[in-house]
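Heads up, the thing below is written out as structure tokens.
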DNA sequence: CACTTGACCTGTCCGC
DNA sequence: TGCGGACAGGTCAAGT
């Protein structure tokens, strides 16, 4: 599920909701991947800790605590981080909420705060994880050492973008875009959307692309991700923000999940194929 | 080192 | 209505 825009949307929501809160309790329901070092570190560095800040690197969320530890969270395909204030019974739920009463059957971890509010980690497919570790050790995680630059940083240039791909010259552009060590945060939705925007066929070999192609792709990728953040991300199936609400980028998608519909640029039919191991959406007529 | 494929899980949808 | 298979937003560990 969550790619950079979705994780960033969750981060912004949590950053408004939880800094300053003090952890009262923490429990993992049935996910062995969550809190592998529990209970020792949980008792010592999580219970009683105050939330300082919520940060993001690539698709990873970092909840920084005043104990020198951080909660490091990856939502993978179906993870959700949902904050609930005091329970209001009988109030019903807003129409744009995808989830009801919490915890539910996909809840894997629960963090309670002393003011009665709660943070739920839900994950239907159990690929995601929550880890508690010293904040200073976070950059030493293998993933953090290998992951590429943040594509939306103001000082990230199209030249730097193009240079990141030289290592993957012999593979196709879709696989290279999905490679987190090339550029951080691109997933299946925004790979397809940005390739359509840049009129590039996902089959194209990286080595066959020129400067103009990379410049175009760089611009489209940043535009589409910024738009997606503005729209609160894409809710295809499971994704919700920190308040349990859906994002609306799918209403603006040009090719993703629009197979059988007309290309908004040329009117030819959008097709869906299997490519780079993923469902891939494109317009054969205007992506070359 | 670069590249591809399958594995990790649960749930849903589609065709028979 | 039931059942098998394909598929789903992401990484990893293997294999070549």
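The values are calculated or read from the model by the stated rules, or taken from the named source; none is laboratory data. A quick note: this is a predicted structure, and the numbers were derived from the prediction, not measured. In this analysis, Cβ positions are derived from the backbone assuming ideal geometry, glycine residues included, and neighbour counts consider all displayed protein chains.
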Practice prompt. Working only within segment A:132-167, note down all residues that are within 16 Å of DNA strand B (Cβ to nearest atom), over 20 Å from the mean Cα position of the chain (by Cα) and in a loop (DSSP other than H, G, I, E, B).
Written response: A:165
Item to complete: May I ask you to list the residues in segment A:168-185 that are within 15 Å of DNA strand C (Cβ to nearest atom) and part of a loop (DSSP other than H, G, I, E, B)?
Response: A:170, A:171, A:179, A:180, A:181, A:182, A:183, A:184, A:185
Item to complete: Tell me which of these residue A:207 doesn't satisfy, since it passes every other one: (1) under 20 Å from the mean Cα position of the chain (by Cα); (2) surrounded by fewer than 17 Cβ atoms within 10 Å (Cβ to Cβ); (3) assigned to a helix (DSSP H, G or I); (4) within 16 Å of DNA strand B (Cβ to nearest atom).
Response: (1)
Worksheet item: Is it true that some residue in segment A:164-175 is at pLDDT below 95 and buried (at least 22 other Cβ atoms within 10 Å of the Cβ)?
Response: no
Item to complete: Would you be able to tell me the number of residues in segment A:237-262 that are in contact (Cβ under 8 Å) with a residue 60 or more places away in the chain, buried (at least 17 other Cβ atoms within 10 Å of the Cβ) and part of a loop (DSSP other than H, G, I, E, B)?
Response: 13
